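All remarks here apply to the structure that follows.
What follows draws every value from the coordinates through simple rules; no lab data is involved. The structure displayed is predicted, hence computed values, not measured ones. For neighbour counting, all protein chains shown are included, and Cβ atoms are generated from backbone atoms with ideal geometry for every residue, glycine included.
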Amino acid sequence: MLNEIGVNLAKISRRINEAASKSGRDPQDIKLVAVSKNMDVERIRKAMDAGLSLFGENKVQEFTEKYGKIGNEVEWHFVGNLQRNKVKDVVGKVDLIHSLGRMPLAKEINKRAKQKSTVTNVLLQVNISGEESKSGFSLDDVLPSVHSIVESCPHIAVKGLMTIAPLTEDPETVRPVFAELRKLSEVIEGEGFPSVDMDYLSMGMTNDFRIAVEEGANLLRIGRAIFGSR
Ligand SMILES: *Cc1c(COP(=O)(O)O)cnc(C)c1O
């Protein structure tokens, strides 16, 4: 029997499959990050029962509480704004940080990863739309920052890019934002840094994941379509 989350998941999978086939992609290449912010452990367990095993959190304290109860039964990604003084609480626990968007944060992640003798996987968050309210590297800063990270942060592994599209009534208007992120990842790939992989394009949320898939997303960060409204 499908629980409510299972029903939601079936709908999402169908929409992902449709968007993937429309753009000639294999839906198997697309991973779903269930953004479980504001959802309690019981709700996350329901989602695990429905087959989900990758969760995204956007607040360190909330992540820490849930991690204390669920631990490594699932994979965790950190998707929200990360303050420097909280970096130590996620390094070594999350499998991927989606939101590295400024160099001081890179230095701190590198430092904490070094202390734990580990390498932390990150995505570079890019503020493609240039909205002031959004964090992330500006388009012009990304490539120089990749150079700096490669040179000065051996405990960071760059695995791709992430962006958050502007909130709009018509998701079609965000298509160029997603296309731009994909182009940027191709440029970085072309630089051929040995320690940088452009494996992941993290883009697409409840409102716009169909378009994101059509534009090449392979990590979708979806909250409300899975769990219902917060
Ligand atoms: C909340 C959040 C999401 C999920 O948003 P939904 O609209 O609920 O799908 C994705 N990414 C980030 C960074 C978020 O904070």
Tally Lys/Arg at +1 and Asp/Glu at -1 over every other residue whose Cβ is under 13 Å from the Cβ of Pro171; what's the total?
-> -3
Under 17 Å from the Cα of Lys114, which lysines turn up, not counting those fewer than eight places away in the same chain?
-> Lys86, Lys88, Lys93
Near the amide H of Leu100, under 5 Å away, which other amide H atoms are found, from residues 5 or more places off or on another chain, if H is placed in the peptide plane?
-> Leu123, Gln125
Taking Lys11 as the anchor, which lysines have their alpha carbon closer than 16 Å to its alpha carbon, excluding any fewer than eight residues away along the same chain?
-> Lys31
Cα to Cα, under 18 Å, and not fewer than 8 places away if on the same chain: which aspartates and glutamates meet these conditions relative to Lys22?
-> Glu172, Asp208, Glu214, Glu215
If each of His147 and Asp29 carries a label point 7 Å out from its Cα toward its Cβ, how far apart are those two points in nm?
-> 3.0 nm
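Fully extended, how many nm does the chain gain between Asp49 and Lys111 (0.36 nm per residue separation, minus their Cα-Cα distance)? List each step's numbers first, then the result.
On the way: separation 62, 0.36 × 62 = 22.32 nm, distance 3.69 nm.
Separation in residues times 0.36 nm, less the Cα-Cα distance, equals 18.6 nm.
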Once you put a point 7 Å from the Cα of Ser21 and another 7 Å from the Cα of Ala179, both along the Cβ direction, what distance in nm separates them?
-> 2.5 nm
For the chain, the spread of Cα positions along each principal axis, largest first, Å | 51, 39, 31
Could you pull out which residues in the range 195-218 have an amide N less than 17 Å from a spot 7 Å beyond the Cα of Ser133, following the Cα-Cβ vector?
-> 205-208
Using a 10 angstrom cutoff on alpha carbons, build the Gaussian network for the chain and name the most mobile of Asn17, Asn127, Asn85.
-> Asn85
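Hey, what did the chain get for relative contact order, percent, Cα under 8 Å, at least 6 apart?
Details: 406 pairs, mean separation 47.8, N = 230.
Computed value for the chain: 21 percent relative contact order.
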Measure out, as a whole number of angstrom, how far apart the alpha-carbon centroids of the range 56-79 and the range 168-230 sit.
-> 22 Å
